[in-house]
Amino acid sequence: MSHTAMVLGEVLTFAYPADAVLSRYFRENRALGHADRGFIAETVFLVLRRLRSLQAACLADGGGATPRRLILAALLRYRGMSTRELAEALGNGLSKGEAEWLPTLKASRDADLPAAVRRDWPDWLDARLDAQFGTAEADALATALHRAAPLDLRVNTLKAERDAVLERLRADGIAAEPTPYSPLGIRLADKPALQRHPLFLDGSIEVQDEGSQLLGFLVAPKRGEMVMDLCAGAGGKTLMLGAQMKSLGRLYACDVSEKRLANLKPRLARSGLSNVHPIRIDNERDVKLSRLAGKLDRVLVDAPCSGLGTLRRNPDLKWRQQESDVAELAAKQGAILAAAAKLVKPGGRLVYATCSLLDAENGAVADAFLAAHPDFAPVSAAEVLARQGIAVPEAGERLALLPQRHGSDGFFAAVFVRAEAVKAAPAPADTVDTATETPE
């Protein structure tokens, strides 16, 4: 408990991402065993998911919302531990005040709490999501975000087939099922350590959320094409695009972070791909990109965003993001999308995607792009997927994946195609081309 409270206290300053704080703490405390690390991480993330309702519960009796009290409340209310089990887990037992408070806490209910507190997100986010989805759907979304995300894998088609991978995982005692939509996806019942599994080591599988996999099917690159993943990060989608291309053609993986691109290198080595070309860029206006203007068959823009679609995995984001960040992000997203459009050749495809839940980062950005770029037209995301045998409920012209409806992270995607170049008709022989004349 002391380790968990110490880590949680640091995480709640929100100076750094929660996973970074946990990683550093575990490096500094190598004596902690695997089970201890798992308990600490799961408990910290549980508190982050239910922070507002836990704070309300801790403050209801006049006590404070200290890390220790938050942990006790989380384990009692949401992990289902009894007061006796808590006392045993603590080692040094419960204080008299804690022993008196916990039964009262267990009997309390969240129904009378304000909606934003009950849903465990900030007031500004509650107002936006309630207006966007309606009360019932916002409640369902909040409930889905209270649960930890499953572990999804993508099968590398250069090295394996899904049925064979499923058979191998099950033979090794790992409960696994096909994902409902992606024909390359596998969903695990638990979260086993896969880093030393032969299928991971030989590049047959990669960790990738099913929603992210569906973005690759929207890009749908073909072998021999020139393709770019403009905001590649550590390259999860890049690896999928390369496999779809059968490692033929040229696939550019661009990012502003040297560290993220460096993390791509060992994944590339495992993947068996030879057509990926990582490029570090300073920004979307980098001269390295201008050399490719009008030459690319397909460009994916998985734009920097609030990340609010990933709250099952990164619950601290809802406490670290501010409403003012959304407008700044939308402006940046629009600028990146406009820069990406210049790279697409006539007849080429541009895919804009985020892992945000907010329309301000999603549909509004796509609408603004179409209004400013009449040479691009929308393409039905549902039809693109259907041509590959994929049917996603409620998909239409655009793809909006939601945890409560699709069991994936929250993803948005819009697909555009650039108009084919129109050849100018030759001027009649008896017509003077006044545009070439010099006025007197």
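The values are calculated or read from the model by the stated rules, or taken from the named source; none is laboratory data. Small disclaimer: the values here were computed from a predicted structure and weren't measured. Heads up, the Cβs are rebuilt from the backbone with ideal geometry, glycines too, and the neighbour counts pull from every protein chain shown. All accessible areas refer to the heavy atoms of the entire protein, side chains included, with ligands and DNA or RNA removed. Shrake-Rupley method; radii C 1.70, N 1.55, O 1.52, S 1.80 Å.
Brief remarks follow.
- Cα point-scatterer Debye curve for the stretch 153-270, base-10 log of I(q)/I(0) at q = 0.09, 0.14, 0.21 Å⁻¹: -0.24, -0.58, -1.23
- Taking the DSSP bridge list for the chain and keeping only pairs wholly inside it, about 55 percent are antiparallel.
- For Phe45, the accessible surface of its heavy atoms amounts to roughly 30 Å² (probe 1.4 Å, protein chains only, rounded to the nearest 10).
- Working note: 222 nm ellipticity from helices only, DSSP H runs with n ≥ 4, each -39,500 (n - 2.57), summed and divided by the residues of the chain, gives -13000 deg cm²/dmol to the nearest 500.
- Hull-based mean projected area of the stretch 109-165, where the convex hull spans the alpha carbons, in square nanometres: 6.5 nm²
- Cα-based reach from Lys106 at 22 Å (exclusive), listing lysines while leaving out same-chain residues under 8 positions away: Lys96
- Relative contact order of the stretch 230-304: 39 percent, from C-alpha pairs under 8 Å at least 6 residues apart in sequence.
- Solvent-accessible area per residue for the stretch 204-248 (1.4 angstrom probe, square angstrom): 22 Å²
- Per the Debye formula on identical point scatterers at the alpha carbon atoms of the stretch 338-378, with no solvent, log10 I(q)/I(0) at q = 0.25, 0.28, 0.33 Å⁻¹ is -0.92, -1.07, -1.27.
- Selection from Phe45, Ala57, Ala107 lying farthest towards where the dipole of the stretch 20-113 points positive, charges on Cβ: Phe45
- Anchor Lys246: lysines whose Cα lies under 24 Å away (excluding residues fewer than 8 positions away in-chain): Lys159, Lys222, Lys237, Lys265, Lys295, Lys345
- Listed residues Pro178, Pro374, Pro393, most fluctuating in the chain (Gaussian network, C-alpha, under 10 Å): Pro374
- Relative intensity of the stretch 1-115 on a log10 scale, I(q)/I(0) at q = 0.17 Å⁻¹, equals -0.83, per a Debye sum over C-alpha point scatterers of equal strength in the absence of solvent.
- Bridge type composition, the stretch 221-326 - antiparallel percent by DSSP, nearest 5: 0 percent
- Quotient of the Cα radius of gyration of the stretch 37-195 and 2.2 N^0.38 Å, N being its number of residues: 1.33.
- Estimated vicinal HN-Hα couplings, Hz - the stretch 325-332 in sequence order (Karplus 6.51, -1.76, 1.60; Gly, Pro = x): 5, 5, 5, 5, 5, 4, 5, 5
- Averaging the Cα positions of each part gives two centres, and for the stretch 118-151 and the stretch 270-299 these lie 36 Å apart.
- Charge tally in the Cβ shell below 15 Å around Gly363, where Lys, Arg are +1 and Asp, Glu are -1, Gly363 excluded: -3
- Share of carbon and sulfur in the accessible heavy-atom surface of the chain [1.4 Å probe, %]: 53 percent
- Check: the stretch 1-100 dipole with +1 on Lys, Arg Cβ and -1 on Asp, Glu Cβ, in debye: 180 debye
- Between Ser274 and Thr143, the FRET efficiency from the beta-carbon distance, with R0 = 45 Å, is close to 0.50.
- Shape of the stretch 268-403, Cα gyration tensor, a/c cut at 1.5: rounded
- Under 13 Å from the Cα of Lys342 - aspartates and glutamates, other chains or at least 8 residues apart: Glu284, Asp286, Asp297, Asp375
- Computed magnitude of the charge dipole of the chain (debye, nearest 20; Cβ of K, R +1, Cβ of D, E -1): 1520 debye
- Gyration tensor verdict on the stretch 356-426 (Cα atoms; rounded if a/c is under 1.5, prolate if a/b is larger than b/c, oblate otherwise): oblate
- Mean shadow area of the chain over all directions, Cα convex hull, nm²: 27.2 nm²
- Rounded Å value of the spacing that divides the Cα centres of the stretch 200-241 and the stretch 360-404: 18 Å
- Unit charges on C-beta of K, R, D, E only; dipole of the stretch 71-178, Debye: 220 debye
- More than 11 Å apart - percent of Cα-Cα pairs taken over the stretch 264-304: 75 percent
- Ordering Tyr252, Tyr16 by accessible surface, largest first, gives Tyr16, Tyr252; the 1.4 Å probe counts only protein heavy atoms, with every chain in place.
- The stretch 157-226: C-alpha gyration tensor shape, a/c 1.5 cut-off, then a/b vs b/c: prolate
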